[in-house]
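Report on one structure; see the data block that follows.
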Amino acid sequence: MGFLKNLFGGKTDDAGGNDTERNDIVYTDGDSPEMIEAVKNAQSTFKYFWRELWWERRRVVPGLNLACVKTAFYQDVPAGPPNVEYMWISDIDFDGINISGFLINNPGTLTNIKPGDFVEIQLDEINDWMFAINGKCYGGFTIQVMRSQMNAKERKQHDDAWGLDFGEPDKILVAYEQEDHPENLIDHPMSVNMKEKLLEFLGQHPGEVAQKDESGYTMLHREAIAGNRPVVEILLEKGADIGAKTNSGHTALDFAEKMGWDQLLPLLKK
C-alpha cells in the first residue's frame, strides 16, 4: 500500500501547471464517445486484470507494482442530479460475480465514503482497471483517453506524477509481454510453466480436486474464472466435476462464458 498511498496522495502539478490534488488526474471521466468506448473496453478485458492478479497471489516474489479498479461513486443532493466521482479501489478480490476492494482515493466532494472503506461492485460497474509490472502500465483505458488529449509536455507531467510508463495512448496492453509473446493473450505463462508442480501437488493431495470452499467453489471454478486453460485441462484429467455448482448455482462453464474465456468452452462443454 505504500506505493498506492504515494500515488494517490499529496499534490502535483496538473496538465495546466496548477497545484492540484493528485487524485484529480483520474477524476475527469465523462460521457464523450471516446470515454464511453474506453469503459466498454475496460469491462470486456477485465478478465486479463483478474488473471494477472490471480497468479500474483501465487508468486513467491511479488511482481505487480499496483493493481486497482476504478468505478463511479454517487451521493444524492437535495436538488438536481447526484454528485459523482470516479475513484480507484485496490486489494481486489473477485468471485466471478462481485468485485470487491478498498477505496484508495481521497474524495473531492463526496462525504458518504472515505479512504479505506470497503467497496463491492459488479462487472458492469467497472469504469477502468490497471495493473503495473516493472513500472509498465497495462489497462488504464480511460487514462489513455485523457492522455490522448494532452500535448507532449502535459503527458510527461501526467506520467511523472503517476511514476509509470503508460506507453502510447493508442496502444493499450492488457497482458504481460503481449507484444513479444502474443500467446500470452490466450494462456498466462505461469499457467503453462506450473503444470508439473500442479500435477505433483494433485498427486500428493488428490482430494483437492473435489474440495469446495465455504461458498461452494472448487478449484475448477476458480481456474475457469481466471481463464487458465492448462490448469483446467489438468483438473479435468484428474476427475474434476464439470457440473459442480457454487452455492449461488454457477458452474465453471457459467463463469468461463461470462468472462469470455472462449478457449475453455470446448473443455467445459464436454
Can you list the lysines whose alpha carbon is less than 17 Å from that of Lys136, not counting same-chain residues fewer than 8 positions off? Lys156, Lys171
Mean separation of Cα contacts under 8 Å, 6 or more apart, over the residue count of segment 32-116: relative contact order %: 18 percent
Taking the Cα atoms of segment 35-160, report the difference between the largest and smallest coordinate on each principal axis, in whole Å and largest first. 51, 39, 25
With no solvent and one equal point scatterer placed on each C-alpha of the chain, evaluate the Debye formula and give log10 I(q)/I(0) for q = 0.12 Å⁻¹, two decimals. -0.78
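How high is the relative contact order of the chain? Use alpha-carbon pairs under 8 Å, at least six apart in sequence, and give a whole percent. Provide the component values of the computation, followed by the final result.
Numbers: 435 pairs, mean separation 43.7, N = 270.
So the answer I get is 16 percent.
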Crossing angle, helix 152-162 versus the chain [Cα axis fit, 0-90 degrees, rounded to tens]: 60 degrees
Dipole size in debye (nearest 20) for segment 223-264 around its Cα centre, Lys and Arg Cβ +1, Asp and Glu Cβ -1? 100 debye
Work out how much length Ser148 to Asn247 would gain on full extension: take 0.36 nm times their residue separation and subtract the Cα-Cα distance, in nm to one decimal. 31.2 nm
Dipole in debye (nearest 20) - the chain, about Cα centre, beta carbon charges: Lys, Arg +1; Asp, Glu -1: 560 debye
How tilted is helix 33-44 with respect to the longest principal axis of the chain? Cα atoms for both, answer in degrees (0 to 90, nearest 10). 30 degrees
If I model a spin label as a point 7 Å beyond the Cα along the Cα-Cβ vector, how far apart are those points for Val61 and Ser32 in nm? 4.1 nm
Expressed as a rounded percentage, what relative contact order does segment 108-180 have, with Cα pairs under 8 Å and six or more residues apart? 31 percent
Fluctuation leader among Ala79, Ala152, Ala240 - the chain, Gaussian network, Cα springs under 10 angstrom: Ala79
Which of His250, Ala224, Met194 sits farthest toward the positive end of the charge dipole of segment 182-270, with +1 on the Cβ of Lys and Arg and -1 on the Cβ of Asp and Glu? His250
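Could you compute Rg(Cα) / (2.2 N^0.38 Å) for segment 74-221, with N its residue count?
Details: Rg = 20.1 Å, N = 148, 2.2 N^0.38 = 14.7 Å.
It is 1.37.
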Once all protein chains are kept in place, Arg222 shows an accessible area at probe 1.4 Å, nearest 10 Å², of 60 Å²
Nearest 10 degrees, 0 to 90: what angle lies between the long axis of helix 195-204 and the longest principal axis of the chain (Cα atoms)? 50 degrees
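The values are calculated or read from the model by the stated rules, or taken from the named source; none is laboratory data. Given the structure is predicted, the values throughout are model-derived calculations rather than measurements. Positions of Cβ are generated from backbone atoms using ideal geometry, with glycine treated the same way; all protein chains shown enter the neighbour counts. Keep in mind that these areas ignore ligands, DNA and RNA; they rest on the heavy atoms of the full protein, side chains included. Shrake-Rupley method; radii C 1.70, N 1.55, O 1.52, S 1.80 Å.
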